[in-house]
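Just so you know, all these numbers are worked out from the coordinates, no wet-lab data involved. Remember, predicted model here, so these are calculated numbers, not experimental data. Virtual Cβ from ideal backbone geometry, glycine too; neighbours counted across all protein chains shown.
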Amino acid sequence: MDCNYEKIYEQYWLHARHAEIQRWHFVATTMIITGGLLAILKLNENATFVFIFLAIFYALGLFVLKSLRTPFIIFSRLAEIIALNELKMDRKYARFFPQNNSSLVQEKEKKNYYHWAEKKI
């Protein structure tokens, strides 16, 4: 089976970018609505319904942003997995998956050794 991983990689990144743009449009729309409601509050100081609406609006907005973040995470991680495993991208360019860095393990072992040595003295 011949699989074109470059095309799949490109499509995953396009989907991830689309999800990110949707989030930015939602945030911009939210800020415009909030600005308008705050202007109404300045004109009419007894508008408690505006406060209630803002609280509900932000609570719903939080859930919408969370649901819009999920496709971005899925598509961007899958694209990176394809790039690392199939397209043989260098690990130093990985954004989401850390490098296999053996020097960190050696540094931790060195700290443990020095801690043990200090107790002996």
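Some values worked out for this structure:
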item	result
Backbone HN-Hα couplings from phi across the range 44-58 [Karplus 6.51/-1.76/1.60, Hz, Gly and Pro as x]	10, 7, 9, 8, 6, 5, 5, 4, 5, 4, 4, 5, 5, 4, 6
Spin-label model distance (nm) - Met89 vs Val27, 7 Å beyond Cα toward Cβ	2.2 nm
Distant-in-sequence amide H partners of Met89 (H built 1.01 Å from N, under 5 Å)	Leu84
Test item: Cα-centred dipole of the range 3-106, Lys/Arg +1 and Asp/Glu -1 on Cβ, debye	140 debye
